[in-house]
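Working notes, beginning with the structure itself.
The values are calculated or read from the model by the stated rules, or taken from the named source; none is laboratory data. Remember, it's a predicted structure, so these values are computed and weren't measured experimentally. Cβ placement follows ideal geometry from the backbone for every residue including glycine, while neighbour counts extend to all protein chains displayed.
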Amino acid sequence: MTETPHIKIGLWDYVGTTPPPFGHPMRQFWAFDPKYINLNHGSFGAPPTPVQSAANVLADIIEENPDKFFRINWYPMLSSVRERLAKFLGARKEEIVLVQNATVAAAIVLRNFVWREGDILIGATTTYMGVFKNIVHVSDTNPQLTVANFELNFPKSNEEILKDFKAHLRAIPRVAASPANPDPKVVCVMDSIVSSPGILLPWREMVKICREEGVFSVVDAAHSIGQEVGVDLEAAQPDFWFANCHKWLYAKRSCAVLYVPKRSQHIIKTGFPSSHQYTSDGSLVKSDWMNKSETNGDEWAVPSPHIAMDFREWAGGEEKINSYCRDLAREGGKRIAEIMGTHVVDESPDAVQTLNMANVELPLYDVPADKIEFAQGVFRDRLLLEYQMYAAHFYHNGKFWTRLSAQIYNELSDFEKLGEVFLKVCKEIKQSIDKEAKASAEP
């Protein structure tokens, strides 16, 4: 039961008392087209219908009396959600705010640093494009800033990642303190789980390395909450951390959590965009960092983590959900690799880099650079428009790959069907490219 001092929205209005077994029986709690096979939960998420229904109820409540909602109900509800998320993440309520999505959270963090000559900003070659473009824009608008991105290509073991990451930080030239920049800083944006390929990084160890090297750690954990069990932020001690609640946690789109520990809160002076809570330095009226940073325009989505977590507890809890998804991702990844005659990116004995997303090489080779976008478009159109199924597909380290998201509504047969389709589409793309090349070569 989601409850605030003013509004109650109950999960039990939308589900029975006993959850069905995981797999296709769980599809009844999602609004998918019956013909659609979704192996791409990681991109946009998909709220269970009870979460969607509760959000619709809240939307109606808002419109019944907008003034009452925003002037009386809104902040107690927001506070209640923040408190529960903080407990879920091993943080304190006063260190958690809700924002639209992970990209907005990245913008808030990066745009609140005061960049001076000699400061350094680090991303990675695998950084999610929306976050990476924030790095680019900050660099473009602060030409005095140096960007030193970390090259990361897979397959690559955790041991190699940590070794190369530490070496990268230590190899970056740093300037001495000066009157113009009395405290030169280095800020590193890292993933907890890479978007493409969907690889779990040893991010806690990377945060520790940053701390030892005097580097601010900004962790893009867009895929962590609801997929990575036991996130303990007080123990991990990142300087900033953010995650999308609408992906793996089952919250309504769009909703994200931004964690800023007390030691870092002096850096955050405004949300993005700035709200009416913003105050200039030296102002007699102060506003705490939470009020200044909380910039969510999707009011009906913000309380949805409550209902989403209720649903997850009803379904069996975090360990049960993620055990099923993790095992299915690993088994499904191996099975689809067998069907296509390729391999998974994470071939470590214990698959330590694989949580609920498997990454499998696609059998499409020798594609000219100017045809990569064409191939991506064919994958998209054939999967969605002709075969009514989907998994993410991308080009990385000279090869095409698919990222397969396993959920409690999926079964192994979903992976097998997609594997057969990928075989057909890869063959079609290759034939089309070869035919065009042959025609171009003819006199």
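Do we have any residue at all in region 180-190 that's modelled with pLDDT of 95 or more, out of contact with any Phe, Trp or Tyr (no Cβ under 9 Å at 6 or more places or on another chain), buried (at least 19 other Cβ atoms within 10 Å of the Cβ) and among the β-branched types (V, I, T)? Checking region 180-190: not a single residue is modelled with pLDDT of 95 or more, out of contact with any Phe, Trp or Tyr (no Cβ under 9 Å at 6 or more places or on another chain), buried (at least 19 other Cβ atoms within 10 Å of the Cβ) and among the β-branched types (V, I, T). Suppose we filter region 124-163 for residues that are surrounded by fewer than 19 Cβ atoms within 10 Å (Cβ to Cβ) and either in contact with a helix residue (DSSP H, G or I) (Cβ under 6 Å, 6 or more places away or on another chain) or not assigned by TED's automatic domain parsing to the domain that holds V104 (or both); how many remain? The total comes to 3.
Limited to region 240-254, what total is found for residues that are in contact with a Cys (Cβ under 8 Å, 6 or more places away or on another chain) and part of a loop (DSSP other than H, G, I, E, B)?
3
Test I135 against the criterion of being in contact with a His (Cβ under 7 Å, 6 or more places away or on another chain) and either charged (D, E, K, R) or assigned to a helix (DSSP H, G or I) (or both), and give yes or no. In short, no.
Summed over region 24-58, residues that are outside any helix (DSSP H, G or I) and surrounded by fewer than 17 Cβ atoms within 10 Å (Cβ to Cβ) total 6.
If I filter region 72-82 for residues that are of a type outside the set (A, V, I, L, M), under 21 Å from the mean Cα position of the chain (by Cα) and within 19 Å of I225 (Cα to Cα), do I get at least one hit? Checked against the condition, which is being of a type outside the set (A, V, I, L, M), under 21 Å from the mean Cα position of the chain (by Cα) and within 19 Å of I225 (Cα to Cα), region 72-82 yields at least one hit. Residues that are touching a residue at least 40 places away in the same chain (Cβ under 8 Å), assigned to a loop (DSSP other than H, G, I, E, B) and of a type in the set (D, E, K, R) within region 168-214 comprise R174, K185, E213, listed in sequence order. In summary, N397 fulfils each of the numbered conditions (1) at negative phi; (2) surrounded by 14 or more Cβ atoms within 10 Å (Cβ to Cβ); (3) under 26 Å from the mean Cα position of the chain (by Cα) with the single exception of condition (1).
Return yes or no: is S274 modelled with pLDDT of 75 or more and either acidic (D, E) or more than 22 Å from W115 (Cα to Cα) (or both)? For S274, the condition - modelled with pLDDT of 75 or more and either acidic (D, E) or more than 22 Å from W115 (Cα to Cα) (or both) - is not met.
Scanning region 302-361 for residues that are modelled with pLDDT of 95 or more, buried (at least 20 other Cβ atoms within 10 Å of the Cβ), under 30 Å from R84 (Cβ atoms) and among the polar types (S, T, N, Q) gives N322, Q353, T354, N356.
Per the listing A369, A375, the residue uniquely buried (at least 22 other Cβ atoms within 10 Å of the Cβ) and among the small types (G, A, S) is A375.
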